[in-house]
Amino acid sequence: MSMFQVFNISGSAVSAQSQRLNVVASNLANADTVAGPDGSAYKARQVVFQTEMMGAVSAAGVKVSTVSESDAAGRRVHDPKHPSADAEGYVTYSNVNAVEEMVNMISASRSYQNNVEVMNTAKTLLQKTLQLGS
Amino acid sequence: MFRAVAATIGRMINRLTDTLNFQAEALVLRSERQRVIASNIANADTPGYVAKDMDFASALRQATGQAATPAQMQATAAGHIRPLAGARSEAGLRYATAAQTNLDSNSVDMDRERASFADNSVKYEATLRFINGSVRTLLDAIKGQSS
């Protein structure tokens with residue numbers, strides 16, 4: 001019964017989107033992290049989605065293939081009084097772009113909701129199928 | 001005499017179950033299409049994913065024998081795969097073109113997919129009701145007017 005595979009498909013998407021939401025949360029939490037003693041600040045992370053075939057034909061789930069780190073230069077602010085300032089008086093913050101992360105968060109939560117709704121519909125239809133002929 | 005009665009009953013049963021067979025095929029195809037659309041919605045954010053959809057009308061025509069199904073591959077050894085043939089098969093699915101082009105070449109149009117999903121759900125339910133209706137009709141005919 002192919003309707004049962006809808007749960008596998010949407011379930012994989014829901015877990016991938018929640019991982020994306022996790023990454024967004026850690027990026028936002030580290031938006032104001034300054035560089036440590038080694039000189040490198042937190043780097044924004046990004047999940048990479050990939051289609052995952054789920055056995056049968058035309059059942060395409062999704063999975064997180066890798067979590068990539070952004071190579072963009074960190075935000076540099078001139079603040080000589082800051083304890084982490086370098087010799088020129090600059091403080092290097094993480095390269096997280098808060099606006100991008102908020103957009104990412106909204107997109108992830110919308111996709112999550114879409115997939116939950118798909119599962120709810122499939123559940124209702126399956127329940128009605130079970131009551132067939134009664 | 002008995003043979004003639006048996007033949008008549010056989011024809012009657014056939015006529016009774018023909019509707020059920022048709023609706024059963026439609027129900028299976030509807031659930032397969034539901035799976036395809038669920039895959040599209042799941043992959044809405046996957047770079048490079050191409051949205052697919054089933055040509056339902058020709059799939060149903062092929063499933064009920066009103067149109068010829070393209071030849072299926074033969075499995076001559078135990079390890080051979082035997083994919084479905086026709087409009088419901090992996091190769092028979094149609095690719096959707098994106099209404100608005102996207103930088104990551106993902107062609108899932110969420111509005112369209114949501115609409116197709118709702119449409120398919122309603123039609124799945126309609127098919128369920130048709131089946132329920134014919135079962136009830138059959139039961140009424142079998143039981144007759146009891147009061």
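We did not get these values from a lab; they are worked out from the coordinates using the rules stated. Just so we're clear, the structure is a prediction, and the values are computed from it rather than from any experiment. Positions of Cβ are generated from backbone atoms using ideal geometry, with glycine treated the same way; all protein chains shown enter the neighbour counts.
Some notes on this structure:
- Candidates B:THR19, B:THR76, B:THR137, ranked by Gaussian network fluctuation over chain B, Cα under 10 Å, top entry: B:THR76
- Sorting the Cα pairs of the stretch B:2-143 by distance into bins of 5 Å, from 0 upward, gives 2, 9, 14, 15, 14, 13, 12, 9, 6, 3, 2, 1, 1, 0, 0 percent per bin.
- Helix-only CD estimate at 222 nm, as mean residue ellipticity for chain A, using -39500 (n - 2.57) per DSSP H run (n ≥ 4): -15500 deg cm²/dmol
- Cβ-placed point charges (K, R +1; D, E -1), dipole of chain B about Cα centre in debye, nearest 20: 800 debye
- Reduced Cα scattering model of the protein assembly as shown, Debye log10 I(q)/I(0), q = 0.10, 0.14, 0.16 Å⁻¹: -0.69, -1.04, -1.21
- Sorting A:98-105, B:68-75, A:41-48 by their mean Cβ neighbour count within 10 Å, with the most densely packed peptide first, gives A:41-48, A:98-105, B:68-75.
- Aspartates and glutamates whose Cα lies under 13 Å from that of B:LYS52, excluding same-chain neighbours fewer than 8 positions away: B:GLU32, B:GLU90, B:ASP109, B:GLU113
- Size descriptor for chain A, Kirkwood hydrodynamic radius: 17.6 Å (Cα pairs only, one decimal).
- 10 Å Cβ neighbours from other chains, averaged over peptide A:12-22: 2
- Residues of the stretch A:107-134 with an amide N closer than 18 Å to a point placed 7 Å from the Cα of B:THR137 along the Cα-to-Cβ direction: A:133-134.
- Nearest-ten-degree value, helix A:5-29 long axis tilted from longest Cα axis of chain A: 10 degrees
- Neighbouring Cβ atoms from other chains, within 10 Å of the Cβ of residues in B:28-36, number 6 on average.
- Taking B:GLU90, A:GLU88, B:GLU32 and counting other C-beta atoms within 10 Å, the order from fewest to most: A:GLU88, B:GLU90, B:GLU32
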